[in-house]
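Right, one structure below, let's go through it.
The values are calculated or read from the model by the stated rules, or taken from the named source; none is laboratory data. None of the values given here were measured: they were computed from a predicted structure. Cβ placement follows ideal geometry from the backbone for every residue including glycine, while neighbour counts extend to all protein chains displayed.
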Amino acid sequence: MARRNVKTPASSSDLDARKATILEAVVAEHINTAQPVGSSSVAHSPDVAVSPATVRSEMVALEREGYLAQPHTSAGRVPTDKGYRFFVDHLKSGVLSSAQQHQVKDFFANVRGEVEDVLEQTSTLLSQLTSYTSVVVGAGHAHASILSVQLVSLDVHHQLLVAVFSDGSVVKHSVSTEFDAHFVDVTEASRQLHAILIGTTLESRVQVPSHSDNVSMLIRQSVSVLHAEQPTTDGEQVYIGGSSKVAEVFEGVETVRKVLSILEQELLVVTLVQDILNQGLSVAIGSEHGYEPLSACAVIVAPVTIDGVPAGAVGLLGPTRMKYREALAAAGMVSQHLTRHFGGEDDLA
């Protein structure tokens, strides 16, 4: 995997108002048409109040400064990664259409099932909203709080521990004892486990009784079994939605092949999303994310948290000429609803 370290890009603010307006007009038209943009077309933009000759001169200057490129001598200009970065940094917040907002709210009002099912369905929803490939990363339930815990007697040497977490996941473990644990012991141990564990996470340090009676030993054994799961639940779950859309939005067979190859490698997808979040970005454009095979891509990410703790992320992957305003709005709204869904909060108004 060709990858290099990158720094968080600084916001470009060294353009005067006229150049900024012309650059934004070029980016907007190229996003809509996927074609090089000429000066005469930009001059007809409602926000550009100068002649085609002036536009042409400013576009030459923008090319010299690295914001635009000319793919062919006789062609118009296309934005560079630097041009897209300026556009995104100065983008006004967008909102989903009324129909899309209702679609998101209805989805989270009705979605049911295990956490894995919810994440998979969410990836499909996000792709449907944007027509881009979506990525939904769940951090497992190591950070989720315990809502309910119960110890059930199977026989005197075997019990079943059932724990329900705030992210909707349900964990079941067998607990074995060398001593005879009678029904009354298991019932009391279950009651105390409920008091000890409710509201804690698998990362929490909990106080367990140190006595040598059957109930205390059952409690210690149960907590040990439950917390032993922690190392495996840190592995993120990855769900890709709309991977078939890669061929629709990217030009060039080789680009499509590279993107699909990356999407097949779950660990790389998780690392990509985490790297972007660690840079403090919501959008990584072209080479900014440091993954050479995705140099023709833009990646949008929005974190998902539970009780203020990172619990995953939602993302969108598309060409650098993606519709940023709409994509950012979709990722933001879905991440907010997913956060509230797993946090057990009421639906967003």
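Let's see how each residue does on (1) loosely packed, with under 14 Cβ neighbours inside 10 Å; (2) farther than 24 Å from ARG220 by Cβ; (3) not assigned by TED's automatic domain parsing to the domain that holds VAL309; (4) not aromatic (Phe, Trp, Tyr):
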site	(1), (2), (3), (4)
GLN121	no, yes, no, yes
GLN128	no, yes, no, yes
TYR132	no, yes, no, no
VAL164	no, no, yes, yes
VAL170	yes, no, yes, yes
GLU178	yes, no, yes, yes
ASP185	no, no, yes, yes
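Considering the stretch 60-90, the residues that are of a type in the set (A, V, I, L, M) and touching a helix residue (DSSP H, G or I) at 6+ places or on another chain (Cβ under 6 Å) include one that is farthest from PRO319 (Cα to Cα), namely LEU62.
Yes/no matrix, rows are residues, columns are (1) under 30 Å from VAL88 (Cβ atoms); (2) at pLDDT 90 or above:
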{"position": "MET217", "(1), (2)": "no, yes"}
{"position": "ARG220", "(1), (2)": "no, yes"}
{"position": "GLU229", "(1), (2)": "no, no"}
{"position": "VAL256", "(1), (2)": "yes, yes"}
{"position": "ILE262", "(1), (2)": "yes, no"}
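When LEU96 is tested against (1) crowded, with 17+ Cβ neighbours inside 10 Å; (2) assigned to a helix (DSSP H, G or I), exactly one condition is not met: (2). Residues considered: GLY113, GLY66. Of these, the only one that is of a type outside the set (A, V, I, L, M), under 30 Å from SER176 (Cα atoms) and in a loop (DSSP other than H, G, I, E, B) is GLY113. Against the test of being closer than 16 Å to ALA329 by Cα and at pLDDT below 95, the options SER93, SER74, SER51, SER98 yield a single qualifying residue, SER93.
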